[in-house]
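The values are calculated or read from the model by the stated rules, or taken from the named source; none is laboratory data. Since this is a predicted model, take the numbers as computed values, not measurements. Cβ placement follows ideal geometry from the backbone for every residue including glycine, while neighbour counts extend to all protein chains displayed. Note: areas computed on protein heavy atoms with side chains; ligands, DNA, RNA excluded. Shrake-Rupley method; radii C 1.70, N 1.55, O 1.52, S 1.80 Å.
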Amino acid sequence: MIHRLSQPDYDRWASQIKRTGGCRQPIHLRGKVEHYDQATGRLLHRYTTRTEPNGVLRVPCKTRRASRCPACAEVYRADTYQLVRAGLVGGKGVPETVSAHPCLFVTLTAPSFGEVHARREKNGKVLPCHARRDAETCPHGRVMSCTKRHSAHDQRLGEPLCPDCYDYDGSVLFNAISPELWRRFTLALRRRFARLNGLTVKALREQVMISFAKVAEYQRRGVVHFHAVIRLDGPDGPSSPPPAWATADALAEAVHHAAAVVTAEVKPLGRTFRWGTQLDVRRITMDGDLTEQAVAAYIAKYATKAAECVGTLDRRVQPLDNLDELPVREHA
Ligand SMILES: [Zn+2]
Ligand SMILES: [Zn+2]
Ligand SMILES: [Zn+2]
């Protein structure tokens, strides 16, 4: 620090750092830019990083992962909040009339892949994890019960009662296929919504647009959930009102149907996946239980989180990774 402070270009360095907004891992750019007048070919402006401190220009990494860079992830979170909020009440070029459009907050869950340790609370009291008086013994000799009242930081939370019974293949494949399952859900939703209103999908598109904003949330057990805002617009998007018959109730009915019927198959393995039976569909209102601020904050929070918050990595596993040396628990 003393060395840096005593450099003649300290001020320039400090202003570069300040403009990265406290980025933990700024990108160091090296190179030059020359602007020419297109008509005359005359050089208008020249910039090179050669004269910058250490010969580099520092720019923020702009990651959205809080585990990589808290400062940039915070910018991303705040931007996402404003974007989602604008989609609900207007702003950022979206007219305020959008707040009158029917809008739902939907949570699609993963199915069960085996019993896992869980922390349950009732009236402020922590309940036993899996208290079963007549608990069965699994084929591996483990009694399928756990009477512990787990603390919120217990590392076993989300881990199976019997790792040998737990369907690890299924849980990994579900995460991999979930984007396809989501895509099919959106198609099935449009089909069902059209049919409920006696229209073809093509005819529906001429009168109603269905818009989605979704985030994935990793659960403790390591499988993804999807949270989505689903909004009805007129044919020209958020600036046009949907027809009167396009109601939130009809949309909710279509969501329930689509979530129940869609499947996605991992063909080479002959396995078919569907959403879990837990489905949450709620209306977003300006003054009710679920306000637009709450929804925007929720979506924005998960937009900056990867899988690290459930004890796995915040990046892809690379082919050359030594799995035994990764800083994760056996379950992850
Ligand atoms: Zn950064
Ligand atoms: Zn337990
Ligand atoms: Zn077992």
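At an R0 of 25 angstrom, the distance between the Cβ atoms of Glu121 and Ala260 translates into a FRET efficiency of 0.30. Among residues other than Arg149 with Cβ under 11 Å from its Cβ, the summed charge is +2 (Lys and Arg +1, Asp and Glu -1). Comparing segment 178-228 with the 2.2 N^0.38 Å rule of thumb, its C-alpha radius of gyration ratio is 1.42 (two decimals). For the chain, just say rounded, prolate or oblate: build the C-alpha gyration tensor, square-root its eigenvalues into a ≥ b ≥ c, call rounded for a/c under 1.5, and beyond that prolate if a/b exceeds b/c, oblate if not. In terms of gyration-tensor shape, oblate.
Could you put Glu308, Glu96 in order of accessible surface area, largest first, with the 1.4 Å probe and the full protein assembly present? Walk me through the numbers on the way to the answer.
Numbers: Glu308 50, Glu96 145 Å².
Descending accessible area places them as Glu96, Glu308.
Note on the chain: with a GNM built from Cα contacts shorter than 10 Å, the maximum mean-square fluctuation among Ile27, Ile299, Ile177 falls on Ile27.
Which net charge results for the neighbourhood of Ala14, defined as the other residues with beta-carbon distances under 14 angstrom from its beta-carbon, given Lys and Arg at +1 and Asp and Glu at -1? Provide the component values of the computation, followed by the final result.
Numbers: positive: Arg4, Arg12, Lys18, Arg19, Arg58; negative: Asp9, Asp11, Glu52.
So the surrounding residues net to +2.
Under a Gaussian network description of the chain, with springs only between Cα atoms under 10 Å, the residue in Ala71, Ala303, Ala176 that fluctuates furthest is Ala176. Summarise the accessible area of the chain (1.4 Å probe, protein heavy atoms) by the percent that is carbon and sulfur. Carbon and sulfur atoms account for 51 percent of the accessible area of the chain.
Give the separation of the Cα centroids, segment 279-312 to segment 23-58, in Å. Their Cα centres are 41 Å away from one another. Here's the list of lysines a cross-link from Lys148 could span, going by alpha-carbon distance under 21 Å and ignoring same-chain residues fewer than 8 apart: Lys122, Lys125. The lysines within cross-link reach of Lys214, meaning a Cα-to-Cα straight distance under 16 Å and a gap of 8 or more places when in the same chain, are Lys301, Lys305.
For the listed peptides 8-14, 236-242, a ranking on the average number of other beta carbons within 10 Å per residue, highest first, reads 236-242, 8-14. With all protein chains in place and ligands, DNA and RNA left out, the 1.4 Å accessible area ranks Met144, Met209, Met286, Met1 as Met1, Met286, Met209, Met144, largest first. With the whole protein complex present, Ser6 retains an accessible surface near 90 Å², based on a 1.4 Å probe. In the context of the full set of protein chains, the chain has a per residue accessible area of 61 Å² (1.4 Å probe). The residues Asp164, Asp37, Asp154, sorted by heavy-atom accessible surface at 1.4 Å with ligands and nucleic acids left out, run Asp164, Asp37, Asp154 from largest to smallest. For the chain, complete DSSP H runs whose alpha carbons reach 15 Å or more along their own long axis and whose mean Kyte-Doolittle score is -0.5 or higher are 70-89, 168-196, 248-261, 292-303. Using the Cβ atoms and a cut-off under 10 Å, what net charge is assigned to the surroundings of Lys32, where Lys and Arg are +1 and Asp and Glu are -1? Residues close to Lys32 contribute a combined charge of +2.
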